[in-house]
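Peer 1: Next up is a structure, given as structure tokens.
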Amino acid sequence: MSAAAAAQVPAEWVSVLPHLGYRLPEDRTPQDSQAAQVTVNLPLSLVRQSILPTGRWPIPGPVLQGYRRYRPTPLWRARGFEEAIGARVPVYVKYEGGNISGSHKLNTALAQVHYYQAAGVRELATGTGAGQWGTALAAACGGSGLRCTVFMVGGSLAAKPYRGSLMRLLGATVIPSPSGLTTVGKRAREQRPGGGLALAIGEAIEYAAGRQGCAFATGSGETYSIIHQSVIGQEAIAQLQELDADVDTIIGPVGAGSSFGGTALPFLVHAKTAGLPCPRLLAAESSACPKLTHGVYAFDHTDATRAGPLEAMYTVGSDYQIPDMHAAGLRYHGAAKLISAMRYHGQIAAMAVGQQEALRAGQTFARSEAVLTAPETGHALAAAARLAAGGLGAGRRSQGVLVCLSGQGYLDLSAYDEYLAGRLDDAPPSDELIRAATERLQPVHPEQIPQHAAS
């Protein structure tokens with residue numbers, strides 16, 4: 001079933017930056033006079049990974065040792081799923097749910113804790129949506145002796161209380177967001193009910209800025225976190241070669257883009273360096289938060305403090321009130337600036353999927369493959385089902401699909417309960433709502449994208 005034994009844990013991370021043919025647009029300083037003067041201090045190692053056109057980065061020994069506890073992760077051909085969806089091409093899956101966090105997030109959490117601790121940090125604070133990132137950071141901090149404080153989207157924590165239990169078991173302090181501990185949280189509670197991932201991140205940033213020895217850590221949207229996830233794609237390439245298999249399309253779910261980027265971008269690097277055609281790289285997002293398919297490419301805030309830099313991203317607007325949904329990890333308003341730039345340049349494609357279709361795909365996969373995936377992963381499985389059942393489209397090679405199963409779904413069973421009871425709302429946002437949330441943003445223009453020769 002599994003090709004895990006055939007692959008070795010990579011000793012290096014790979015970066016797509018030298019293979020893009022352009023540099024990412026530079027961040028802008030916000031002009032919002034109401035913004036708190038909050039800074040996010042990164043270890044120099046993470047800064048370098050984000051900006052330098054270095055193709056390979058050695059994985060530090062302690063991080064590699066941590067990886068070897070659960071990597072390489074299994075890859076197999078999902079024949080039962082193929083039969084259930086009427087696939088006309090093979091479907092391969094790469095499963096990242098077999099570690100304490102239940103997701104791919106531990107790949108970057110271990111790395112970030114290593115670098116922050118080396119920089120003298122004693123506590124890390126973060127925001128989390130579905131709870132996978134918060135759990136991963138709690139696990140990495142717990143194993144290294146760092147304190148960990150997690151602001152989790154309150155609605156998601158209420159729906160998934162055992163996520164909070166697991167984080168506390170691992171030693172973290174878990175705070176529902178919006179909270180009464182921060183200025184941005186108090187303001188949100190006064191202005192409107194509920195909250196989203198941008199607000200939880202904003203609270204964590206403000207909290208970290210006010211505490212000695214505490215730093216903010218983020219798990220998905222930054223270029224360095226995508227680079228850390230490249231162990232997924234590197235292993236997958238080796239495992240497919242061992243199976244003498246080939247694929248046309250690489251699919252991953254996208255909240256900000258780390259599981260998708262970590263799976264898909266090593267295939268682009270491999271194709272560039274080997275002189276081969278690159279598979280189609282397909283980002284599967286939520287139709288409730290369709291930044292890559294219906295958003296705008298503009299400079300937007302990354303969090304609710306409005307104090308961090310404005311980044312060039314595909315966004316539905318940081319002010320847009322994203323509706324409650326069970327794939328909370330996909331409720332982030334923008335895509336990572338690396339993923340956004342590649343979308344702008346036509347190097348990746350995107351597909352929006354509703355949560356009913358996503359959970360139906362998750363149910364089909366559970367019945368046919370005996371693996372329960374998270375609702376986020378269900379979006380990628382649904383996209384794979386659309387493509388595989390259609391043979392990938394006229395004029396395309398028909399070799400197969402690889403799907404990143406980014407996490408397990410045992411702590412998301414409330415979502416499946418809602419699906420089985422027929423209580424899920426699947427209404428996508430209107431174009432008018434997205435226009436209203438993005439009309440004040442400054443669009444990214446081609447002349448703002450520095451060019452350099454592709455490698």
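The values are calculated or read from the model by the stated rules, or taken from the named source; none is laboratory data. These numbers were taken from a predicted model, which means no experiment stands behind them. FYI the Cβ positions are ideal-geometry reconstructions off the backbone, even for glycines, and counts take in every protein chain you see.
Peer 1: Under 7 Å between Cβ atoms, at least 6 apart or on separate chains: pull out the pairs that start in region 196-212 with a residue that is assigned by TED's automatic domain parsing to the domain that holds Thr126 and part of a helix (DSSP H, G or I) and end on any residue that is of a type in the set (D, E, K, R) and at pLDDT below 95.
Peer 2: Correct list of pairs: Leu197/Arg331; Ala198/Asp303; Ile201/Asp303; Gly202/Asp303; Ile205/Asp303.
Peer 1: Now a separate question. If I filter region 167-195 down to residues being among the polar types (S, T, N, Q) and part of a loop (DSSP other than H, G, I, E, B), which single residue comes out as farthest from Ser103 (Cα to Cα)? Before the answer, list the steps.
Peer 2: If we filter region 167-195 for residues that are among the polar types (S, T, N, Q), which is where we start, we get 173, 177, 179, 182-183, 191.
Next, from what is left, pick out any that are part of a loop (DSSP other than H, G, I, E, B): 179, 182.
On the way: Ser179: 26, Thr182: 29 Å.
Looking at residues that are among the polar types (S, T, N, Q) and part of a loop (DSSP other than H, G, I, E, B), I get Thr182.
Peer 1: Looking at region 338-381, which of its residues are crowded, with 24+ Cβ neighbours inside 10 Å and either outside the structural domain of Gly409 (by TED's automatic domain parsing) or farther than 18 Å from Gln229 by Cβ (or both)?
Peer 2: Val353, Gln355, Ala358, Leu359, Ala361, Gly362, Phe365, Pro375, Gly378, Leu381
Peer 1: Could you please find all residues in region 146-164 being within 25 Å of Gln117 (Cα to Cα), hydroxyl-bearing (Ser, Thr, Tyr) and in a helix (DSSP H, G or I)?
Peer 2: The answer is none; no residue qualifies.
Peer 1: State all residues of region 415-437 that are out of contact with any helix residue (DSSP H, G or I) (no Cβ under 7 Å at 6 or more places or on another chain), small (Gly, Ala, Ser) and part of a helix (DSSP H, G or I); if no residue qualifies, say none.
Peer 2: Result: Ala436, Ala437.
Peer 1: Could you check region 113-140 and list, in sequence order, the residues that are more than 20 Å from the chain's Cα centre (by Cα) and buried (at least 24 other Cβ atoms within 10 Å of the Cβ)?
Peer 2: Answer for region 113-140, where residues must be more than 20 Å from the chain's Cα centre (by Cα) and buried (at least 24 other Cβ atoms within 10 Å of the Cβ): just Tyr116.
Peer 1: Using the structure shown, decide if Ala217 is within 12 Å of Thr128 (Cα to Cα) and touching a His at 6+ places or on another chain (Cβ under 7 Å).
Peer 2: Details: within 12 Å of Thr128 (Cα to Cα): yes; touching a His at 6+ places or on another chain (Cβ under 7 Å): no.
Judged against the criteria, Ala217 is not a match.
Peer 1: Let me ask something else. Go through region 420-441 and give me each residue that's under 18 Å from Glu285 (Cα atoms) and hydroxyl-bearing (Ser, Thr, Tyr).
Peer 2: The one that is under 18 Å from Glu285 (Cα atoms) and hydroxyl-bearing (Ser, Thr, Tyr): Ser430.
Peer 1: Now a separate question. Exactly one condition in (1) under 18 Å from Ala264 (Cα atoms); (2) modelled with pLDDT under 95 is false for Leu75; which is it?
Peer 2: Here Leu75 clears every test but (2).
Peer 1: In region 403-415, is there at least one residue being at pLDDT below 95, more than 30 Å from Pro53 (Cβ to Cβ) and touching a Phe, Trp or Tyr at 6+ places or on another chain (Cβ under 6 Å)?
Peer 2: yes
Peer 1: Got a number for residues in region 267-296 being under 26 Å from Val184 (Cα atoms) and not in a loop (DSSP other than H, G, I, E, B)?
Peer 2: Step one: list which residues in region 267-296 are under 26 Å from Val184 (Cα atoms), which gives 288-291, 295-296.
Add one more test, that the residue is not in a loop (DSSP other than H, G, I, E, B), and what stays is 291, 296.
So the answer is 2.
Peer 1: Would a scan of region 335-348 turn up a residue that is of a type in the set (D, E, K, R), touching a residue at least 60 places away in the same chain (Cβ under 8 Å) and more than 16 Å from Glu285 (Cα to Cα)? Break it down into steps so the answer makes sense when it comes.
Peer 2: From region 335-348, those of a type in the set (D, E, K, R) are 337, 343; that's our starting set.
When the remaining residues are screened for being touching a residue at least 60 places away in the same chain (Cβ under 8 Å), the result is 337, 343.
Within this subset, residues satisfying the condition of being more than 16 Å from Glu285 (Cα to Cα) are none.
No, because not a single residue in region 335-348 is of a type in the set (D, E, K, R), touching a residue at least 60 places away in the same chain (Cβ under 8 Å) and more than 16 Å from Glu285 (Cα to Cα).
Residue-wise test of (1) surrounded by fewer than 19 Cβ atoms within 10 Å (Cβ to Cβ); (2) modelled with pLDDT under 95; (3) not in a helix (DSSP H, G or I).
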position	(1), (2), (3)
Asn41	yes, yes, yes
Arg48	yes, no, no
Gly98	yes, no, yes
Ser101	no, no, yes
Ala111	no, no, no
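Peer 1: Sticking with this structure for a sec: Are any residues in region 64-96 within 20 Å of the chain's Cα centre (by Cα) and either assigned to a helix (DSSP H, G or I) or not assigned by TED's automatic domain parsing to the domain that holds Gln239 (or both), and if so, which ones?
Peer 2: Once the filter is applied, which keeps residues that are within 20 Å of the chain's Cα centre (by Cα) and either assigned to a helix (DSSP H, G or I) or not assigned by TED's automatic domain parsing to the domain that holds Gln239 (or both), region 64-96 yields only Tyr67.
Peer 1: Quick one: would you say Ile227 is touching an Asp or Glu at 6+ places or on another chain (Cβ under 8 Å) and either under 24 Å from Ala335 (Cβ atoms) or not in a helix (DSSP H, G or I) (or both)? Talk me through it step by step, then tell me what you get.
Peer 2: Details: touching an Asp or Glu at 6+ places or on another chain (Cβ under 8 Å): no; either under 24 Å from Ala335 (Cβ atoms) or not in a helix (DSSP H, G or I) (or both): yes.
No, not satisfied.
Peer 1: Condition first: assigned to a loop (DSSP other than H, G, I, E, B), under 19 Å from the mean Cα position of the chain (by Cα) and at pLDDT 95 or above. Can you find one or more residues in region 351-370 that meet it? Quick ask: steps written out before the conclusion?
Peer 2: Narrowing region 351-370 to residues assigned to a loop (DSSP other than H, G, I, E, B): 354, 370.
Filter again for under 19 Å from the mean Cα position of the chain (by Cα), leaving 354.
Now drop any that are not at pLDDT 95 or above, which leaves none.
Scanning region 351-370 turns up no residue that is assigned to a loop (DSSP other than H, G, I, E, B), under 19 Å from the mean Cα position of the chain (by Cα) and at pLDDT 95 or above.
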